[in-house]
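Notes follow the structure.
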Amino acid sequence: MMYKPHFGEGIPFGPSTERAKEILREEDKRLLREIANVGGMERYLQSHPEFNKDFFTKEKRCLCCMDERTAKGTLNLPGSGIMIEGEEAQEAFRQRLQEAKIEGVYSHDGCGASKLYAKEHGIDDPNKAAVDYAKDLALKLGIEYKGHLKTSGDHPGRVVYYDTTGYLNRESPIWQEKMPTGFAISRHVLNEREGMDALLLAVKIAFSEHGEGFGRFTESDPLSLIYVLAQSEERQNITEQQLQNELHKCYQTLEEEFPQIKGKIRIEGFHASVPE
Ligand SMILES: [Zn+2]
């Protein structure tokens, strides 16, 4: 498996004090149990239609890391796409970003994806690799480089949002209060293999955080993989079945490699009434 040698590396982000970590961890567990109790994410959102206008936005169509502590922009990928290897793949990727009407690109410090990229390419400074990549991408797309964000502490994410809408507004304070903290991957600007690589990386980071190893998630408090689809069918170029298959494949791949993961991942999805 592609990222196997790096599994287990802790990557510093997120809440920086033990108390802050504990509060966020307990609140996210509580929210996820509440969501499970009402019958899942789809039901939870249907019962709170007032969240809708805050949760999805056509503004802020910027690309940023999937990292849950940056929570910037509505297009999100590991290291803003730094791990998509090869000029041809990057070109196809840029095309999809243009179709998604991208407006800007961020990088951030301590980026896990950039660390892996720098290591694989013999670059000493992962921060420089992150900035150089994001600036170059912005230049090639003719859009703004929005800057290098600061992040701190551990990864608190208990969810990976696998989005196909491009409108997830994790920046919204209502989102931050009412949705469990999580990584976000914009599947619609990737091909299937790139989507799988991003998923595997997010899940591995989530499981390797806090030095708790596999104990961080349990059968009663699992890691959630949540696909997001637009409500209106004409907006979908990837089917619900396809997304479910990809998430199950991710789980199976990891379970084969790490049997301890068995039963500690929940898969679900929801439909979003995204802005027209
Ligand atoms: Zn990152």
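Just so you know, all these numbers are worked out from the coordinates, no wet-lab data involved. Everything numeric in this text was worked out from a predicted model, so none of it was measured. Cβ atoms come from the backbone with ideal geometry, glycine included; neighbour counts cover every protein chain shown.
Between the stretch 154-174 and the stretch 227-273, the C-alpha centres lie 15 angstrom from each other. Within the stretch 4-272, DSSP assigns beta bridges of which about 5% are antiparallel (rounded to the nearest 5). Counting neighbouring Cβ atoms within 10 Å and putting the fewest first, the residues PHE270, PHE214, PHE183 line up as PHE214, PHE270, PHE183. Going from the residue with the fewest nearby Cβ atoms within 10 Å to the one with the most, ARG193, ARG158 rank ARG193, ARG158.
What FRET efficiency comes out for the pair GLU18/GLU99, r = Cβ-Cβ distance, R0 = 45 Å, nearest 0.05? Efficiency for this residue pair is about 0.55. In this simple spin-label model, placing a label point 7 Å from the Cα along the Cα-to-Cβ direction at both ASN52 and GLU144 gives a separation of 3.0 nm.
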